[in-house]
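K.L.:
Sharing a structure, written as structure tokens. Questions coming.
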Amino acid sequence: MATGGANYRLFWQEFRRTFDSTGAIAPSGRRLCRALARYVAGDGQPRRILEVGPGTGVVTDAIIMQMGPRDTLDVVELNDRFVAALRQRLVDDPNWQRAAERIRIHHLPIEDLDATEPFDVIVSGLPFNNFPVDLVQNILAHLEKLAAPGATLSFFEYVAIRRIKAVVCAKPERERLNGIGAVLNDAFAQRQFRQECVVANVPPAWVHHLRFAG
């Protein structure tokens, strides 16, 4: 089970091996995890919850704590080693075991997840700022297909990361970052209903909460 120091070791190993898709050198801090899971708890009606890019599962912990007794959780992860760690936690972690029958782990790109059953809550840990612009567009478009009317999408990005990178990088990278900024800003203008800054995280992060049309 990847917890504590093992969690950080696995994250650091994957940061060095697959930086483009991991996007962080350490798991999210507790306050960031709680902010990302802020809209998981519902009104008692069964809810379908989706987490994308959970890594070793620190945000998943916060999601499970907020789940109701009839809620279900689908977890989508592309990294082989993270998938193995997540599946082991379903076996070893008492908190996960209590909801294990209502948790499904999918080893695939989020774009390949079937959209026939919509989700009420989506939480993403994907490092959008590391991706090509067209991939960010495709992922956001597919998340919209996966969302039920009125569903929320919560995701984070590190404070000022695009602005800092744009100052020191070459022109092609600056153009990519500006393109991602344009895509995200368009999504914020259309759907964002809340933004919060989590200062007590390394590094500090913005959490964006979006709502799809209901």
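K.L.:
Under a Cβ-Cβ cut-off of 12 Å, what is the net charge of the residues other than Val198 that fall near it, where Lys and Arg count +1 and Asp and Glu count -1?
P.N.:
Numbers: positive: Arg30, Arg31, Arg34, Arg38; negative: Glu157, Glu196.
Taking every Cβ under 12 Å from that of Val198, the sum is +2.
K.L.:
What order do Lys165, Lys171 take when sorted by accessible area (1.4 Å probe), most exposed first?
P.N.:
On the way: Lys165 55, Lys171 130 Å².
Putting Lys165, Lys171 in descending order of accessible area: Lys171, Lys165.
K.L.:
May I ask you to give the solvent-accessible area per residue for the chain, in square angstrom, as obtained with a 1.4 angstrom probe? The partial results should precede the final answer.
P.N.:
Details: 10620 Å² over 214 residues.
Averaged over the residues of the chain, the accessible area is 50 Å².
K.L.:
Let me check something: with ligands and nucleic acids excluded, how do Thr116, Thr72 order by accessible area (1.4 Å probe), largest to smallest? Could the numbers behind the result be given before it?
P.N.:
Numbers: Thr116 110, Thr72 45 Å².
Order by accessible area, largest first: Thr116, Thr72.
K.L.:
On to the next question. Pick from Ile180, Ile110, Ile161: which residue has the top mean-square fluctuation in a GNM of the chain where Cα pairs under 10 Å get a spring?
P.N.:
Ile161
K.L.:
Please report the antiparallel percentage of DSSP beta bridges with both residues in the chain, rounded to the nearest 5. Working shown, then result.
P.N.:
On the way: 13 of 32 bridges.
Just about 40 percent of them are antiparallel.
K.L.:
What is the distance in Å between the Cα centroid of segment 120-193 and that of segment 72-91?
P.N.:
Between the Cα centres of segment 120-193 and segment 72-91 lies a distance of 23 Å.
K.L.:
Along the positive direction of the dipole of the chain (beta-carbon charges: Lys, Arg +1; Asp, Glu -1; about the Cα centre), which of Gln45, Gly57, Pro149 reaches farthest?
P.N.:
Looking along the dipole axis, the top candidate is Gly57.
K.L.:
If you place +1 on the Cβ of every Lys and Arg and -1 on the Cβ of every Asp and Glu, how big does the dipole about the Cα centre of segment 96-149 come out, in debye to the nearest 20?
P.N.:
Numbers: 4 positive and 8 negative charges, 54 e Å.
For this selection, approximately 260 debye.
K.L.:
Sticking with this one: With no solvent and one equal point scatterer per Cα, compute the Debye intensity ratio I(q)/I(0) for segment 94-214 at 0.09, 0.12, 0.18 Å⁻¹ and report its log10, rounded to two decimals.
P.N.:
Rounded to two decimals, the profile gives -0.30, -0.52, -1.07.
K.L.:
Something else: With the cut-off at 1.5 for a/c, could you classify the chain from its C-alpha gyration tensor as rounded, prolate or oblate?
P.N.:
Numbers: a/c = 1.65, a/b = 1.22, b/c = 1.36.
Oblate, since a/c reaches 1.5 and b/c is not below a/b.
K.L.:
Between Leu140, Leu50, Leu36, where does the largest GNM mean-square fluctuation fall for the chain, given springs only between Cα atoms within less than 10 Å?
P.N.:
Per the Cα network of the chain with a 10 Å cutoff, Leu140 tops the list.
K.L.:
Quickly estimate the mean residue ellipticity at 222 nm for the chain, helices only: each DSSP H run with n ≥ 4 gives -39500 (n - 2.57), and the total goes over all residues, rounded to 500. Provide the component values of the computation, followed by the final result.
P.N.:
Numbers: 9 runs with 93 residues, N = 214.
One gets -13000 deg cm²/dmol as the mean residue ellipticity at 222 nm.
K.L.:
Compute a Gaussian network model of the chain, connecting alpha carbons closer than 10 Å, and tell me which residue from Phe155, Phe193, Phe128 fluctuates the most.
P.N.:
Comparing Phe155, Phe193, Phe128 in a Gaussian network model of the chain, the most mobile one is Phe193.
K.L.:
Here's something else I'd like to know. Which whole-Hz ³J(HN,Hα) couplings does segment 88-97 yield from phi under the Karplus relation 6.51 cos²θ - 1.76 cosθ + 1.60, θ = phi - 60°, glycine and proline marked x?
P.N.:
So the J values, rounded to whole Hz, are 5, 5, 5, 8, 9, 8, x, 5, 6, 4.
K.L.:
How much of the accessible area of the chain, probe 1.4 Å, is carbon plus sulfur, in whole percent? Don't jump to the answer; show the numbers that get you there.
P.N.:
On the way: 5610 of 10620 Å².
On the chain, the fraction of accessible area on carbon and sulfur atoms equals 53 percent.
The values are calculated or read from the model by the stated rules, or taken from the named source; none is laboratory data. For clarity, every value in this text was computed on a predicted model and none was experimentally measured. Cβ sites come from the backbone with ideal geometry, for glycine too, and all protein chains shown count toward neighbours. Heads up: the accessible areas ignore ligands, DNA and RNA and are worked out on the full protein's heavy atoms, side chains in. Shrake-Rupley method; radii C 1.70, N 1.55, O 1.52, S 1.80 Å.
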